[in-house]
Amino acid sequence: MSAKVKVVKRKGDTLPEKLYLVEVLKGMKTSFGHFWRNLRDNSRLYVRHYPEQQPEITPRWRGRHRLTTHEDGSIKCVACFMCQTNCPSRCIMIEAGERLDDRDEKLPVRFDIDLLECIYCGYCVEACPKDAIRMDTGIFSLVEHNREKMLVGLDELAATPGAFTEDDYQKRGL
Amino acid sequence: MDATAIEIMKTAFPYGQFTEVLDTVVIDVPEDKLHGTLARLRNYPDLDFSLLLDVTAVDYLHYPGHTGDRFAVVYTLRNWKKNRLLQVKSRVADPVKGVVSATDLWPAANWAEREVFDQYGINFKRHPDLRRILNHWQFQGHPLRKDFDIENRQICLESDSLEGPIKERLAQNGVDESTIKDINTEVMFLNLGPSHPATHGAIRILTALDGETILANVNEIGYLHRGFEKTAEQRTYNQIVPLTDRLNYCSSMLNNIAYVKAVESWMGIEITERAQFMRVVLSEFYRIQDHLVCLAANLVDMGGLTNYWYLYNEKEASYDFISRLTGARLTSSFTRIGGMYRDFYEGWEVDMENQLKDIEKGISDCLALVLQNRIVHERTQNCCAFPGETALAYGFTGPCLRASGVPFDLRKDAPYYNYEAFDFNIPVGTNGDIYDRMMVRFEEMFESMKIIRQAMKMIPGGPVFIDNKRIALPSKNEVYGNIEALASHFKLIFDGIQVPKGEWYDSFEAANGELGFHFVSDGSGQPYKCKVRPPCFYKMGGFHEMVEGEMVADAILNLGSINIIGGELDR
């Protein structure tokens, strides 16, 4: 086993190659093969009729973030700053406040993500010790008219639902 | 390195201090002996360090426990025949006075030293063309110095005319001022780029033309410079992984793997068997992707748009597979220090096999059009040929070096991740022309598929992450319920993985050539210095030599065939 060196043969010395037309016609056979096949049945073309036809988004997909909530609707985030610390692009800004619902001590009063800075690496999800932030919204296309609108806040993050069932989401692996 | 080589060097350089770091020998030499040492290493037949991999400097201003001179320069050399890796290090007493340049020994040092001058402000005596390279010409200060503020961004208000360098280059090629001005032989100056579809990125190629023939060429890069190395100094080791995606973005996973491999080898981490095989499968898969992009673009430059669809359709389909696997199409961020981010998903073997079959079909359709096509032969054969010796001197590695007939491949010469267990060929060319560079890439794709298929049969089960609390994040279930795991999770996120103090270089065979990382660690969770040795930086450094005397249209083909990726070139 192990690697062997192999010299690549140089083409171009044979008569059919020098005659040009012979080889070009052979090549045309391939092109026309594609042409007829696509003419008869264009379902196999690599064309996606976006936006009518959406791309396949799987549970591993790192889409726009959302903040998860408990069953009663209260936010799971405890403002521990782990995601903010682990973010390589420094795009998360949290302000912590006192929590009065007896679940935990703190909650975020401000949780902004600058989506123009975000590089969608998923490090915030990896860092979260409470499963409070996920990137499972399936949102991959973000367009706004100005920069300010690309700063998403606590309400919007908490209001966006996940795109997958809990079972499917867990199957993506950790 | 073997003991005999060290013995020879110890006799040759009695003044040097020898240390061994990983598989690299580091020689510390006094400043005045630096050039002499390098010259002997280059020319002495017993040593024969024909490949200058990289030149960099270290600023020890804030390095804990450091005394003496603030700067040091490091030359990384390789004897590819005997797999000897060497670093020559010298302290720099006064950066303004600097050290003697090695450009006369390796032309590759030209651009490498310019980069050091640009980033660290170290002067190189007898350097023919010491200008800034990654930062623009109006930039003030030297960004990689430790006292340079990362927020100190500067805007370029006016582009560099490059009149001086191109005239100098013309003079070197025997075109004097009177010929330039004479009405019968007047030279035309033509800028290709920086924003030009044929440059495949933002590169400025300034040519001096006689009709369509290139008399002289000077290139300006750095349009995509975003300070990867400076940013890396402010991030923990794992946080740099997503940044490496953006180096060679056509094969992001190869950068991910190369980066973590460099850190792991210093820390002595032996990753699990499954992770090793995963890395082999994925790096070969990404090598195919990279070659597909390069060849497709190259054939478009030649006017063969049909080939582009045959190759790119398959690449597009691969992105769907990649997004299922990693969660993103382009920026994989799939490795972590100590293993892989996630395991393969269920049923990946079928998807991978289908992907490989489709790619095979795409490549053979493309080859049916180009392999025996006389137009392709006449456009590419003996065009921009680069002999092996010159390619080595310019620091070429990877497919472009192999196309020149030099059978150097790290997978063969310094195998890692069980590469010695696979049965595959290293394709080499003969002439080093555009034709060879293309055909070597075509062949390499078939070889990569062979490796993937073998690895898929051999891949064992088991975890993809090592079991070490100081490196691996605890599993999420433990973090949710167990205070000890939670504490360890907090510690790893806040402080990062603690990497022992030291300096090392580690390399990896990426799609474009040797991708190396030179680290300096101060023992904390963030690298003190992280220097990338990007393969295409050195290829671009030899570009002028390849295209001078050729036609403008050939320069475009040549640029495509050396596969310049702006993200990696400019960092």
*Working only within the range A:123-169, note down all residues that are outside the structural domain of residue A:84 (by TED's automatic domain parsing), of a type in the set (Phe, Trp, Tyr) and part of a helix (DSSP H, G or I).*
A:169
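For the range B:212-232, state whether one or more residues are among the hydrophobic types (A, V, I, L, M, F, W, C), in contact with a strand residue (DSSP E or B) (Cβ under 8 Å, 6 or more places away or on another chain) and within 14 Å of chain A (Cβ to nearest Cβ).
Going residue by residue through the range B:212-232, those that are among the hydrophobic types (A, V, I, L, M, F, W, C) are B:214-216, B:218, B:221, B:224, B:228, B:232.
From what is left, the residues that are in contact with a strand residue (DSSP E or B) (Cβ under 8 Å, 6 or more places away or on another chain) are B:214-216, B:218, B:221, B:224, B:228, B:232.
In the following step, the residues that additionally are within 14 Å of chain A (Cβ to nearest Cβ) were identified as B:228, B:232.
Yes: the range B:212-232 contains one or more residues that are among the hydrophobic types (A, V, I, L, M, F, W, C), in contact with a strand residue (DSSP E or B) (Cβ under 8 Å, 6 or more places away or on another chain) and within 14 Å of chain A (Cβ to nearest Cβ).
Every residue, every condition in (1) crowded, with 20+ Cβ neighbours inside 10 Å; (2) modelled with pLDDT under 90; (3) assigned by TED's automatic domain parsing to the domain that holds residue B:28; (4) among the β-branched types (Val, Ile, Thr), yes or no:
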residue: B:71; (1), (2), (3), (4): yes, no, yes, no
residue: B:74; (1), (2), (3), (4): yes, no, yes, yes
residue: B:81; (1), (2), (3), (4): no, yes, yes, no
residue: B:84; (1), (2), (3), (4): yes, yes, yes, no
residue: B:98; (1), (2), (3), (4): yes, yes, yes, no
*Within the range B:233-270, how many residues turn out to be outside any helix (DSSP H, G or I), buried (at least 23 other Cβ atoms within 10 Å of the Cβ) and more than 14 Å from chain A (Cβ to nearest Cβ)?*
1
*Quick one: count up the residues across the range A:135-157 that are under 30 Å from residue B:481 (Cα atoms) and surrounded by fewer than 20 Cβ atoms within 10 Å (Cβ to Cβ).*
6
*Please give the number of the condition residue B:221 fails out of (1) in contact with a Lys or Arg (Cβ under 7 Å, 6 or more places away or on another chain); (2) surrounded by 21 or more Cβ atoms within 10 Å (Cβ to Cβ); (3) touching a residue at least 40 places away in the same chain (Cβ under 8 Å).*
(1)
*Within the range B:472-500, how many residues are facing another protein chain (nearest Cβ under 9 Å), in a helix (DSSP H, G or I) and either among the aromatic types (Phe, Trp, Tyr) or exposed (fewer than 15 other Cβ atoms within 10 Å of the Cβ) (or both)?*
4
_Filter result for residue B:545 (acidic (Asp, Glu), surrounded by fewer than 24 Cβ atoms within 10 Å (Cβ to Cβ) and touching a residue at least 60 places away in the same chain (Cβ under 8 Å))_ = yes
*Working only within the range B:363-389, note down all residues that are within 17 Å of residue B:450 (Cβ to Cβ) and of a type outside the set (Ser, Thr, Tyr).*
B:363, B:367
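Tally time: how many residues in the range B:150-167 are among the acidic types (Asp, Glu) and surrounded by 10 or more Cβ atoms within 10 Å (Cβ to Cβ)?
Our first condition is that a residue be among the acidic types (Asp, Glu); within the range B:150-167, this holds for B:151, B:158, B:160, B:163.
Adding the requirement that they be surrounded by 10 or more Cβ atoms within 10 Å (Cβ to Cβ) leaves B:160, B:163.
Counting residues in the range B:150-167 that are among the acidic types (Asp, Glu) and surrounded by 10 or more Cβ atoms within 10 Å (Cβ to Cβ) gives 2.
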*Criterion violated by residue B:205 - all others in (1) surrounded by 20 or more Cβ atoms within 10 Å (Cβ to Cβ); (2) of a type in the set (A, V, I, L, M, F, W, C); (3) part of a helix (DSSP H, G or I) satisfied*: (3)
*Restricting to helices (runs of 4 or more DSSP H) lying wholly in the range B:369-471: which have 1 or more residues that are more than 13 Å from chain A (Cβ to nearest Cβ) and in contact (Cβ under 8 Å) with a residue 24 or more places away in the chain?*
B:388-393, B:399-403, B:434-458
_I need the full set of residues from the range B:1-21 which are of a type outside the set (Val, Ile, Thr), at pLDDT below 85 and within 29 Å of residue B:261 (Cα to Cα), in order please._
B:1, B:2, B:3, B:5, B:9
*Of the residues A:75, A:92, which is touching a Cys at 6+ places or on another chain (Cβ under 7 Å) and surrounded by 14 or more Cβ atoms within 10 Å (Cβ to Cβ)?*
A:92
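In the range A:1-87, which helices (runs of 4 or more DSSP H) lie fully inside it and hold 3 or more residues that are among the aliphatic types (A, V, I, L, M), farther than 26 Å from residue B:327 by Cβ and within 36 Å of the chain's Cα centre (by Cα)? Don't jump to the end; show me each part of the working.
Numbers: elements: A:15-19, A:21-40, A:82-86.
Filter on the range A:1-87 gives an empty set.
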*Cβ-Cβ under 9 Å pairs, at least 6 apart or on other chains, the range B:146-172 side among the polar types (S, T, N, Q), far side not in a loop (DSSP other than H, G, I, E, B)*: B:159/B:204; B:159/B:220; B:172/B:216
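Quick test for you: out of B:244, B:185, pick the one residue that is of a type in the set (Val, Ile, Thr) and under 29 Å from the mean Cα position of the chain (by Cα). Before the answer, list the steps.
Working: B:185 fails: under 29 Å from the mean Cα position of the chain (by Cα).
Selected residue: B:244, the only one of B:244, B:185 that is of a type in the set (Val, Ile, Thr) and under 29 Å from the mean Cα position of the chain (by Cα).
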*On the given criteria, is residue A:127 farther than 15 Å from residue A:91 by Cα, buried (at least 21 other Cβ atoms within 10 Å of the Cβ), within 14 Å of another protein chain (Cβ to nearest Cβ) and touching a Cys at 6+ places or on another chain (Cβ under 7 Å)?*
no
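Filter the range B:501-518 down to the residues that are more than 14 Å from chain A (Cβ to nearest Cβ), part of a strand (DSSP E or B) and touching an Asp or Glu at 6+ places or on another chain (Cβ under 7 Å) and list them by number. Before you say what the answer is, go through the steps one by one.
Residues of the range B:501-518 that are more than 14 Å from chain A (Cβ to nearest Cβ), as a first pass: B:501-508, B:510-518.
Restricting the remaining residues to those that are part of a strand (DSSP E or B) gives B:502-508, B:510, B:513-518.
Of everything in the range B:501-518, those that are more than 14 Å from chain A (Cβ to nearest Cβ), part of a strand (DSSP E or B) and touching an Asp or Glu at 6+ places or on another chain (Cβ under 7 Å) turn out to be B:507, B:516, B:517, B:518.
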*Would you pick out the residues in the range A:33-44 that are more than 8 Å from chain B (Cβ to nearest Cβ) and either in contact (Cβ under 8 Å) with a residue 40 or more places away in the chain or surrounded by 11 or more Cβ atoms within 10 Å (Cβ to Cβ) (or both)?*
A:33, A:35, A:37, A:38
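Does residue B:543 meet the test of being within 28 Å of residue B:288 (Cβ to Cβ) and aromatic (Phe, Trp, Tyr)?
Yes.
Can you find a residue in the range B:327-343 that is in a helix (DSSP H, G or I) and either within 11 Å of chain A (Cβ to nearest Cβ) or in contact with a helix residue (DSSP H, G or I) (Cβ under 7 Å, 6 or more places away or on another chain) (or both)?
At the first step, the residues of the range B:327-343 found to be in a helix (DSSP H, G or I) are none.
There is no residue in the range B:327-343 that is in a helix (DSSP H, G or I) and either within 11 Å of chain A (Cβ to nearest Cβ) or in contact with a helix residue (DSSP H, G or I) (Cβ under 7 Å, 6 or more places away or on another chain) (or both).
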_Any pair with Cβ under 8 angstrom, 6 or more apart, that starts in the range B:314-325 at a residue that is free of Cβ contacts under 8 Å to residues at least 40 places away in the same chain and more than 10 Å from chain A (Cβ to nearest Cβ) and ends at one that is charged (D, E, K, R) and assigned to a helix (DSSP H, G or I)_ = B:321/B:351
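The values are calculated or read from the model by the stated rules, or taken from the named source; none is laboratory data. Remember, it's a predicted structure, so these values are computed and weren't measured experimentally. Counting neighbours? That spans all protein chains shown, and the Cβs are built from the backbone with ideal geometry, glycine included.
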